[in-house]
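Undergrad: Got a structure here, written out as structure tokens. Questions coming.
The values are calculated or read from the model by the stated rules, or taken from the named source; none is laboratory data. Source: prediction; values computed, not measured. Neighbour counts run over all protein chains shown; Cβ positions are idealised from the backbone, glycine included. Ligands, DNA and RNA are stripped out before the accessible areas are found, and what is left, the full protein with its side chains, is counted by its heavy atoms. Shrake-Rupley method; radii C 1.70, N 1.55, O 1.52, S 1.80 Å.
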Amino acid sequence: MQIDLSGRTALVTGSTQGIGYAIAAGLARAGARVAVNGRRQESVEAAIQKLEEDTEGGAFVSAPGDITTEDGARQVTGAVPDADVLVNNLGVFGATPPLEISDDEWRRYFEVNVLAAVRMIRTYLPGMKDRSWGRIMNVASDSAVVIPAEMIHYGMSKTALLAVTRGFAKDAAGTGVTVNSLIAGPTHTGGVEDFVYELVDPELPWDEAQREFMAKHRPQSLIQRLIEPEEIANMAVYLSSSFASATTGGAVRVDGGYVDSILP
């Protein structure tokens, strides 16, 4: 299967690092022109420089702006007036005892993880419908299905994102636009190695350390290792392609079998 996204413009929110960066790189390697987003111009430019090196000539657009605000979202859409592919990757997470989550934190998680995605969909979906082609993906999490007791507010926001996805997929019915969620499992992103070594022998080589961590602390995983961001990007690139034209309204799992269910 040869995926060719030549002539397509993609916007990936929160793409200066981690999963978003990997998705931006994957889309560029498939031929898309990719808009890179982060809150600060400096971080976006640094990410683009690295992406150009990693993708050997990929085409990128600088699209800085804090999409959790209306002004920031307008800044981004000013840089990218139209997009064929929208990947809502921006998100925050953190552990807080359930009874200590303040009203402000509940609101912040909803505004960053849900409302920002809604705002971008509301901006780009009409143009996609007019052109009879488009791909929208919302990066969710296994926490949307397996709510972590220490991150109820995070789990709530990702569950809401699944509902948002299904609803907008219905709005786009019959237009040639697909809308899906990616349920990402435990992923090897920045800071995770330090976290792992807090829980296992710090003298272990990384491959052994992560497998011990998964066996003891994430035993539901069927691959028994952390997922690499590129593995999630592979699914995002596929869903961005013409090959995925019959996949919409779904919660597509890239979780290493972490969610213990035969359905999403």
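Undergrad: Please work out which residue is nearest to Leu125 (Cα to Cα), limiting yourself to the range 148-185 and to residues that are of a type in the set (A, V, I, L, M) and at pLDDT below 95. Lay out the reasoning, then the answer.
TA: Going residue by residue through the range 148-185, those that are of a type in the set (A, V, I, L, M) are 149, 151-152, 156, 160-164, 169, 172-173, 177, 179, 182-184.
So of that shortlist, the ones also at pLDDT below 95 come out as 149, 151.
On the way: Ala149: 35, Met151: 31 Å.
Per the criteria, the residue is Met151.
Undergrad: Kindly provide the set of residues from the range 1-24 that are touching an Asp or Glu at 6+ places or on another chain (Cβ under 6 Å) and either modelled with pLDDT under 95 or buried (at least 24 other Cβ atoms within 10 Å of the Cβ) (or both), ordered by number. Please lay out each step first, then the result.
TA: Looking only at the range 1-24, we keep the residues that are touching an Asp or Glu at 6+ places or on another chain (Cβ under 6 Å), and these are 8-9, 22.
Matches in the range 1-24: Ala22 only.
Undergrad: Could you pull out the residue among Val139, Val164, Val80 that is buried (at least 16 other Cβ atoms within 10 Å of the Cβ), over 17 Å from Gly18 (Cβ atoms) and touching a helix residue (DSSP H, G or I) at 6+ places or on another chain (Cβ under 7 Å)?
TA: On the way: Val139 fails: over 17 Å from Gly18 (Cβ atoms); Val80 fails: touching a helix residue (DSSP H, G or I) at 6+ places or on another chain (Cβ under 7 Å).
Every option except Val164 fails the conditions.
Residues checked against (1) hydroxyl-bearing (Ser, Thr, Tyr); (2) in a strand (DSSP E or B); (3) in contact with a Cys (Cβ under 8 Å, 6 or more places away or on another chain):
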site: Ile136; (1), (2), (3): no, yes, no
site: Val146; (1), (2), (3): no, no, no
site: Thr159; (1), (2), (3): yes, no, no
site: Val164; (1), (2), (3): no, no, no
site: Gly190; (1), (2), (3): no, no, no
site: Gln210; (1), (2), (3): no, no, no
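Undergrad: Now a separate question. Return the pair list, or none, for Cβ contacts closer than 6 Å from residues in the range 214-242 that are at positive phi to residues that are open to solvent by less than 60 Å² (accessible area, probe 1.4 Å), at least 6 apart or on different chains.
TA: Note: pairs meeting the criteria are Gln224/Met214.
Undergrad: For the range 226-253, which residues satisfy the criterion of being of a type in the set (A, V, I, L, M, F, W, C) and open to solvent by less than 20 Å² (accessible area, probe 1.4 Å)? Steps first, answer last, please.
TA: Within the range 226-253, the first condition is being of a type in the set (A, V, I, L, M, F, W, C), and the residues that meet it are 226-227, 232-233, 235-237, 239, 243-244, 246, 251-252.
Once the filter is applied, which keeps residues that are of a type in the set (A, V, I, L, M, F, W, C) and open to solvent by less than 20 Å² (accessible area, probe 1.4 Å), the range 226-253 yields Leu226, Ile227, Ile232, Ala233, Ala236, Val237, Leu239, Ala244.
Undergrad: Out of curiosity, is Ala73 open to solvent by less than 30 Å² (accessible area, probe 1.4 Å), over 20 Å from Thr16 (Cα atoms) and in contact with a Gly (Cβ under 7 Å, 6 or more places away or on another chain)? Give the steps one after another, and end with the answer.
TA: On the way: open to solvent by less than 30 Å² (accessible area, probe 1.4 Å): yes; over 20 Å from Thr16 (Cα atoms): no; in contact with a Gly (Cβ under 7 Å, 6 or more places away or on another chain): yes.
No; evaluated as a whole, the condition is false for this residue.
Undergrad: What number goes with the only condition from (1) open to solvent by less than 30 Å² (accessible area, probe 1.4 Å); (2) in a strand (DSSP E or B) that Leu51 does not pass?
TA: Checking Leu51 against (1) open to solvent by less than 30 Å² (accessible area, probe 1.4 Å); (2) in a strand (DSSP E or B), the one that fails is (2).
Undergrad: Further question: Residue check, Tyr258 against (1) part of a helix (DSSP H, G or I); (2) open to solvent by less than 70 Å² (accessible area, probe 1.4 Å), all met but one. Which one?
TA: With (1) part of a helix (DSSP H, G or I); (2) open to solvent by less than 70 Å² (accessible area, probe 1.4 Å) applied to Tyr258, the lone miss is (1).
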